[in-house]
Amino acid sequence: MELLPNITINHYLLVSVALFSLGILGILLRRNAIIMFMCVELMLNAVNLMLVAFSKMWGQTDAQVFVFFIMVVAAAEVAVGLAILMMLYRNMNTTSTDVLDKLKW
Amino acid sequence: MEKLVTLIPLFPLVGFLYIIFLGKGLSKNLIGGIGSGAIFLSFVTSIVVFSTQLGGGNPTIVKVFDWITAGTFDIDIAFIVDPLSTIYLLFITGVGFLIHVYSIGYMHDDEGFNRFIAYLNFFVFFMLILVLGDSYVTMFVGWEGVGLCSFMLIGFWYKDMKNNDAAKKAFVINRIGDLGLIIGMCMIFMQTGTLKYDDLFISGSEASSLNGWYLHAAAIFLFIGAMGKSAQIPLHTWLPDAMAGPTPVSALIHAATMVTAGIYMVARSSDIFASSEIASNVVVWAGLLTAILGATVALTQNDIKKVLAYSTVSQLGFMFVALGLGAYSIAVFHVITHAFFKALLFLGSGSVIHGMGGEQDIRRMGGLKKYMPTTHFTFLIGTIAISGIPPLAGFFSKDQIIAFAFEENMLVFVILSAASALTAFYMFRLYFLTFHGKFRGTHDQEHHLHESPKVMTIPLIVLAVLSIFGGLIGFPHALGHTIHFHHWLDHALEKTVVMPFLDMSLNMELLLMLVATLIAACSIYFAYNKYVTKGELALEDDEIESGTHKTLAAKYYFDEIYDALIRKPVDAASAFFAKVVEPTFIDGLVKSVSAIPTGLGSVAKLAQNGKMVMYVMAMILGLILILITLL
């Protein structure tokens, strides 16, 4: 905190909330599945940022461990998710979620 | 020595299991040898066990293990050794053995040979359990078991639907009788608290605590059980149909052993029947009706096995008359002689059918005397024996039943004598039409005609010898001999009730014998006159004109009456339930219940429309809602 004494936890939180909201908005407004995917990543990283910030504030490392877990899960999720999207694109020739609505009742 | 009794049912059971599970690939002769050998071992053991009872009969219970123990009710698997059970053992295993040997020849070319021998063994096992069981419950196990085996053996040639129908009919009609037996057993248990013979009749005398209408009802229900198994009117219709099975089955099950289970059960319950006059009268009249109706129907049948089947029904009627009159030992005596000559006749008819290549209609036979001398000769002996000509087996037993009837009730005597005369007539009609005159079958059949192999004729000869001499065990008093057999058996059967015994004068008894013999001889003469001298033949179906003849040929329309009274209403009810009740009420109820979730679901499923944005939106709104509520 010495280097940037004016930056408090609140600033971190603001950035994090901003990122998270962007993610949500992205998911709600965009129809391209890849973009939506990126938005999910954005939300995950917003949470990561918040976790790290709190970790620093309390001087404890538990939350940083969580961050690693989230990163691992996110990586795995991307691997699977992108593979699914690849197959979808090959078969349907699109990644628009407006068209991809077959999975129901 | 008595302990050996446990081995007797064991041999056939082992034989059955061995043939079923390990018999594949063994030669037919070996399988036949195992099957007959098992019964032969039982027979030898039976003789040993029987010998312990010769000294006058001391009933022994041989316990194997506890079966049911529930409070005060306990039933063991235990065997009773007494004169009644051992005498049954002897002829079941003895005649059973001969029929097994015969089957080796008769069924030799059948693809189901192993299965057949195994079933026969299984049947003998259950029959032995029936006879040896020391309580009504154990007897019932055997009772149902023989019913099952009977079902399997009647429907043995299962590829023909007709045989399956006959098997089902036998099974269903027997169920009616079995229900009676169960009710009878329950009634006995409710009043006496036990179902063991030992407590009821032998060491204890719990049976005497049955009284009033309870006693009569229990006895009558037991008798209904016997009616089903022993084919008494009105539950007799399964037996003639049961002739659909292979002939050795008819000989073993439907003549010599299983159908006599009813006689055994009534004789075993003699204490109960003797104290209920009403039940005894029911037994007499049911037996009498069966004897005379069976004999009249047999007059007109043209299927060689059907004639013998109705003859069996009629003879069982004779036995029940004897039982109802209180002559239990005489009934059992007739069971034994009947087992000999009826097994002989059935096996003889099997030999004829074998020689004729499957033909059973006596209108297509004739003149078989010169083609099948051994079969002819043994069949003749059987015919004479059943007709009641002294000194063959049938004479002694039947004559004693008739003498008893003479003493007790004139009407019964007259009807029995008539039935007896008819017996002689229809049996000789069968004999003359089959073995005398000209051959009436096709040329192919005549060419094919041959005497059966030794493995079939030797049992015939042995049974013929038994049919000649078997009656001597009950040699009548009048001819200068004390009737050991009856004294011995009565001693075992009767503890509390004094047996009514023939006390007519010697001359009277001789006179009755003479009359009975003359009646039989006259009948035989009539048959000879009609079918040999005049050479008349049995009418073809469309030549029958007289109403009586039609009624008899149609077996008094029993099947048609049952069809109209029971089958049709049941069918109609089933159709009503299937077409109206089931679709409207049952289906209606179930479908209206399922309509509720379906209806709700059709609303709820609108939410799942596959649009990802909607899901995300719902999730976020939900989260916001939760947050608002929490904060």
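FYI, it's all coordinate maths here, none of it is from the lab. Source: prediction; values computed, not measured. Cβ atoms come from the backbone with ideal geometry, glycine included; neighbour counts cover every protein chain shown.
So the values come out like this:
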{"item": "Gap separating the Cα centres of the stretch B:602-620 and the stretch B:530-572, nearest whole Å", "result": "77 Å"}
{"item": "The protein assembly as shown - Debye-derived log10 I(q)/I(0), Cα point model, q = 0.07, 0.12 Å⁻¹", "result": "-0.57, -1.35"}
{"item": "Per-pair calculated FRET efficiency, R0 = 30 Å: B:Leu411 and B:Ser205 via Cβ, rounded to 0.05", "result": "0.35"}
{"item": "Cα-only radius of gyration and Dmax that characterise the stretch B:374-422, units Å", "result": "12.6, 42"}
{"item": "Per residue convex hull volume, Cα atoms of the stretch B:188-325, in Å³", "result": "96 Å³"}
{"item": "In nm, spacing of pseudo-spin labels at B:Tyr557 and B:Val172 (7 Å Cα→C-beta vector)", "result": "2.1 nm"}
{"item": "Simple label model, 7 Å out from Cα along Cβ direction - B:Leu625 to B:Leu518, nm", "result": "11.0 nm"}
{"item": "Averaged over B:604-611, number of beta-carbon atoms from partner chains that fall within 10 Å", "result": "3"}
{"item": "Rg followed by Dmax, in Å, when the stretch B:559-630 is reduced to its Cα trace", "result": "27.1, 83"}
{"item": "For chain A, calculated [θ]222 nm from helices alone, where every DSSP H run of n ≥ 4 adds -39500 (n - 2.57)", "result": "-26500 deg cm²/dmol"}
{"item": "Leading residue at positive end of dipole, the protein assembly as shown (Cβ point charges), from B:Ser467, B:Val532, B:Phe413", "result": "B:Val532"}
{"item": "Where labels lie 7 Å past Cα in the beta-carbon direction, separation of B:Glu277 and A:Asp98 in nm", "result": "10.5 nm"}
{"item": "Percent breakdown of C-alpha pair distances by 5 Å bin, ordered from the shortest bin, for the stretch A:9-92", "result": "3, 15, 19, 20, 18, 11, 7, 4, 2, 1, 0"}
{"item": "Average partner coverage of B:615-627, which counts Cβ from other chains inside 10 Å", "result": "1"}
{"item": "Listed pairs B:Lys229/B:Lys306; B:Lys159/B:Lys579; B:Lys3/B:Lys28; B:Lys398/B:Lys530; B:Lys168/B:Lys568 exceeding 28 Å between Cα atoms", "result": "B:Lys159/B:Lys579; B:Lys3/B:Lys28"}
{"item": "Extended-chain gain in nm, criterion 0.36 nm per residue less alpha-carbon gap, B:Asp587 and B:Leu539", "result": "11.7 nm"}
{"item": "Computed over chain B: relative contact order in percent, which uses C-alpha pairs under 8 Å that are six or more apart", "result": "12 percent"}
{"item": "Candidate lysines for bridging to B:Lys370, where Cα separation is under 16 Å - those fewer than 8 sequence places away on the same chain excluded", "result": "B:Lys438"}
{"item": "HN-Hα J in Hz across the stretch B:174-185 - Karplus 6.51, -1.76, 1.60, θ = phi - 60°, x for Gly and Pro", "result": "5, 4, 4, x, 4, 4, x, 4, 4, 4, x, 4"}
{"item": "Cα gyration tensor category, rounded, prolate or oblate, for chain B with a/c compared to 1.5", "result": "prolate"}
{"item": "Projected area, mean over directions - the stretch B:311-399, Cα convex hull, nm²", "result": "6.0 nm²"}
{"item": "P(r) weight above 23 Å for the stretch B:97-179, C-alpha pairs, percent", "result": "28 percent"}
{"item": "Efficiency of FRET between A:Val15 and B:Val603 - r from beta-carbon atoms, R0 45 angstrom, step 0.05", "result": "0.55"}
{"item": "Proxy reagent accessibility, fewest Cβ within 10 Å first, across A:Lys104, B:Lys169", "result": "A:Lys104, B:Lys169"}
{"item": "Zone of B:Met614's modelled label, taken as backbone nitrogen in the stretch A:68-105 under 16 Å from a point 7 Å along Cα→Cβ", "result": "A:97-105"}
{"item": "Using a Förster distance of 41 Å, the FRET efficiency for B:Ala564-B:Asn507 (Cβ separation, nearest 0.05)", "result": "0.20"}
{"item": "Mean-position separation - Cα centroids, the stretch B:368-395 and the stretch A:17-82, in angstrom", "result": "106 Å"}
{"item": "Spatial separation of Cα centroids for the stretch B:101-171 and the stretch B:402-421, in angstrom", "result": "35 Å"}
{"item": "Hypothetical label at B:Asp110: residues of the stretch B:417-458 whose amide nitrogen lies under 17 Å (7 Å Cα-Cβ projection)", "result": "B:453, B:455-457"}
{"item": "GluC sites (Glu not before Pro), loop per DSSP, at most 15 other Cβ atoms within 10 Å - longest free stretch of chain B", "result": "B:112-535"}
{"item": "Debye intensity ratio I(q)/I(0), log10, the stretch B:260-337, q values 0.14, 0.22, 0.23 Å⁻¹ (C-alpha model)", "result": "-0.44, -0.89, -0.95"}
